[in-house]
Amino acid sequence: MEDRYIKISIDIAQSAELSLEEKGLLLYLLSSRVDFKIIKTELPSVLNIGRDKFNKIWRSLVEKKYIEIKKSKDKGKFVYHYTIKEIK
């Protein structure tokens, strides 16, 4: 049976640096399975928020170093790999 609970750092929950929206996206990403493949373009509809709002929150988490992006090339196409961090 899949574990239905996660532990999350109190530093995220109580952070004055993160907005409520940033905490929500970060919590969603951290609570996903280890093998979860992030398809960034699908997340706004999954989370029921607009694309522009999602992109603003995403960019903010990248700037604050909670999301790390690595870009590589595969068969002539760019591929993005995301690492979600609980602690920056």
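Among the residues of region 1-16, write down those that are modelled with pLDDT of 90 or more and surrounded by 13 or more Cβ atoms within 10 Å (Cβ to Cβ). Result: Ile12, Ser15.
Residue check: Ser45 meets all listed conditions (1) surrounded by fewer than 14 Cβ atoms within 10 Å (Cβ to Cβ); (2) in contact with a Lys or Arg (Cβ under 7 Å, 6 or more places away or on another chain); (3) part of a helix (DSSP H, G or I) but one, namely (2). Just need a number here: residues in region 19-42 that are free of Cβ contacts under 8 Å to residues at least 12 places away in the same chain, of a type in the set (D, E, K, R) and either surrounded by 11 or more Cβ atoms within 10 Å (Cβ to Cβ) or not in a loop (DSSP other than H, G, I, E, B) (or both). Residues that pass the stated criteria total 2.
If only residues of region 3-18 that are assigned to a helix (DSSP H, G or I) and without any contact (Cβ under 8 Å) to a residue 24 or more places away in the chain are counted, the one that is nearest to the chain's Cα centre (by Cα) is Ala13.
Name the one entry in Lys75, Lys37, Lys64, Lys23 that is of a type outside the set (Phe, Trp, Tyr), under 13 Å from the mean Cα position of the chain (by Cα) and modelled with pLDDT under 95. Lay out the reasoning, then the answer.
On the way: Lys75 fails: under 13 Å from the mean Cα position of the chain (by Cα); Lys64 fails: modelled with pLDDT under 95; Lys23 fails: modelled with pLDDT under 95.
Result: Lys37 is the single residue among Lys75, Lys37, Lys64, Lys23 that is of a type outside the set (Phe, Trp, Tyr), under 13 Å from the mean Cα position of the chain (by Cα) and modelled with pLDDT under 95.
The set of residues from region 48-88 being surrounded by 10 or more Cβ atoms within 10 Å (Cβ to Cβ), of a type outside the set (S, T, N, Q) and part of a helix (DSSP H, G or I) comprises Arg51, Lys53, Phe54, Lys56, Ile57, Trp58, Arg59, Leu61, Val62.
The values are calculated or read from the model by the stated rules, or taken from the named source; none is laboratory data. For clarity, every value in this text was computed on a predicted model and none was experimentally measured. A quick note on method: Cβ atoms are made from the backbone with ideal geometry, for glycine too, and the neighbour counts reach across all protein chains shown.
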